[in-house]
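Enquirer: Got a structure for you, written out below as structure tokens; questions coming shortly.
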């Protein structure tokens, strides 16, 4: 497409989904994330390739289709600017350049040519004219973008529970976190181990995939159904239906 690229910030599954969506729609993508592509904490390192080929495709692009700086201009005639951001944004790169030869070893993989990754980068600022300033290792880069998707995760808001629900976590001395400290539950019923009658599912218990939600819901429904049957509070109408 001729429009300016979309900037996607983050290195998790939500960011990967956004990359896939944009690339499948032929939208140019600039993908910025703070970690190195070899970081063992990246979620892609924990996913089997046979079960999640689409996410490994994104990870392959993150590794191979990285940005490389164009030849820097001579510093002798570079004007002094009021700010670094103004100086860099005045020298906009029309389009990210891929490192030479990065695609050679992946010729058999159907990658998206309009995708460029920026490992170990962070966003410094957004300008009013839709220019974005990125900070890398000892370098600043600026690009004009059409949209920004910041997908860097969030912390659950459990204000309606006692102590923000902290006592429910696997480590009750720390706040509940989808990644570091999920809610402690029974693995089959999804009932909170520290609060009988309270159930949790999804990211709160560490299940960050949409495909896992059905299992959580069925586990909870099955537990409740068995308890109601045991208490004689379910009346069969002659079939498998209960009222």
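Enquirer: For residue 11, all conditions in the list (1) assigned to a helix (DSSP H, G or I); (2) surrounded by 22 or more Cβ atoms within 10 Å (Cβ to Cβ) hold save one; what is the number of the exception?
Expert: Failing condition for residue 11: (1).
Enquirer: Select from the range 17-38 the residues that are part of a strand (DSSP E or B) and within 14 Å of the chain's Cα centre (by Cα) and write down the one among them that is farthest from residue 3 (Cα to Cα).
Expert: Only one residue tops the list, namely 32.
Enquirer: Being free of Cβ contacts under 8 Å to residues at least 40 places away in the same chain and buried (at least 19 other Cβ atoms within 10 Å of the Cβ) is the filter here; which residues of the range 23-51 pass it?
Expert: Once the filter is applied, which keeps residues that are free of Cβ contacts under 8 Å to residues at least 40 places away in the same chain and buried (at least 19 other Cβ atoms within 10 Å of the Cβ), the range 23-51 yields only 44.
Enquirer: Can you spot a residue in the range 60-69 that is outside any strand (DSSP E or B), surrounded by fewer than 17 Cβ atoms within 10 Å (Cβ to Cβ) and over 17 Å from the mean Cα position of the chain (by Cα)?
Expert: Yes, the range 60-69 contains a residue that is outside any strand (DSSP E or B), surrounded by fewer than 17 Cβ atoms within 10 Å (Cβ to Cβ) and over 17 Å from the mean Cα position of the chain (by Cα).
Enquirer: Let me ask you something else. Out of the range 137-178, which residues are in a strand (DSSP E or B), in contact with a strand residue (DSSP E or B) (Cβ under 7 Å, 6 or more places away or on another chain) and farther than 21 Å from residue 208 by Cα? Give the steps one after another, and end with the answer.
Expert: Here is the first cut: in the range 137-178, the residues in a strand (DSSP E or B) are 139-144, 147-150, 169, 177.
With in contact with a strand residue (DSSP E or B) (Cβ under 7 Å, 6 or more places away or on another chain) added as a condition, the list becomes 140-144, 147-150, 169.
The answer is 140, 141, 142, 143, 144, 147, 148.
Enquirer: Shifting gears a bit: Does residue 208 satisfy being part of a loop (DSSP other than H, G, I, E, B), without any contact (Cβ under 8 Å) to a residue 60 or more places away in the chain and surrounded by fewer than 18 Cβ atoms within 10 Å (Cβ to Cβ)?
Expert: On the way: part of a loop (DSSP other than H, G, I, E, B): yes; without any contact (Cβ under 8 Å) to a residue 60 or more places away in the chain: no; surrounded by fewer than 18 Cβ atoms within 10 Å (Cβ to Cβ): yes.
When the stated conditions are applied, residue 208 does not pass them.
Residue-wise test of (1) in contact (Cβ under 8 Å) with a residue 40 or more places away in the chain; (2) loosely packed, with under 15 Cβ neighbours inside 10 Å; (3) closer than 30 Å to residue 68 by Cβ.
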{"site": "152", "(1), (2), (3)": "yes, yes, yes"}
{"site": "179", "(1), (2), (3)": "no, yes, no"}
{"site": "202", "(1), (2), (3)": "no, no, no"}
{"site": "217", "(1), (2), (3)": "no, yes, no"}
{"site": "221", "(1), (2), (3)": "no, yes, no"}
{"site": "224", "(1), (2), (3)": "no, yes, no"}
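Enquirer: Just need a number here: residues in the range 109-126 that are in a loop (DSSP other than H, G, I, E, B), in contact with a strand residue (DSSP E or B) (Cβ under 7 Å, 6 or more places away or on another chain) and surrounded by fewer than 19 Cβ atoms within 10 Å (Cβ to Cβ).
Expert: Going through the range 109-126, the residues in a loop (DSSP other than H, G, I, E, B) turn out to be 109-114, 119-121.
When the remaining residues are screened for being in contact with a strand residue (DSSP E or B) (Cβ under 7 Å, 6 or more places away or on another chain), the result is 114, 119-121.
In the following step, the residues that additionally are surrounded by fewer than 19 Cβ atoms within 10 Å (Cβ to Cβ) were identified as 114, 120.
Residues meeting the conditions: 2.
Enquirer: Do you know which residues across the range 93-129 are at positive phi and either in contact with a helix residue (DSSP H, G or I) (Cβ under 8 Å, 6 or more places away or on another chain) or at pLDDT below 90 (or both)?
Expert: Once the filter is applied, which keeps residues that are at positive phi and either in contact with a helix residue (DSSP H, G or I) (Cβ under 8 Å, 6 or more places away or on another chain) or at pLDDT below 90 (or both), the range 93-129 yields only 101.
Enquirer: Only one of 85, 81 is in contact with a helix residue (DSSP H, G or I) (Cβ under 6 Å, 6 or more places away or on another chain) and modelled with pLDDT under 50. Can you tell me which? It would help to see each step written out before you state the result.
Expert: On the way: 85 fails: in contact with a helix residue (DSSP H, G or I) (Cβ under 6 Å, 6 or more places away or on another chain).
Result: 81 is the single residue among 85, 81 that is in contact with a helix residue (DSSP H, G or I) (Cβ under 6 Å, 6 or more places away or on another chain) and modelled with pLDDT under 50.
Enquirer: Restrict the check to the range 155-162 and report whether at least one residue is within 30 Å of residue 116 (Cα to Cα) and not assigned by TED's automatic domain parsing to the domain that holds residue 226. It would help to see each step written out before you state the result.
Expert: First, the residues of the range 155-162 that are within 30 Å of residue 116 (Cα to Cα): 155.
Filter once more, so that each one left must be not assigned by TED's automatic domain parsing to the domain that holds residue 226: 155.
Yes, because at least one residue in the range 155-162 is within 30 Å of residue 116 (Cα to Cα) and not assigned by TED's automatic domain parsing to the domain that holds residue 226.
The values are calculated or read from the model by the stated rules, or taken from the named source; none is laboratory data. Being a predicted model, the structure only gives us computed values, none of them experimental. Ideal geometry is used to build each Cβ from the backbone, glycine not excepted, and the neighbour counts take in all protein chains shown.
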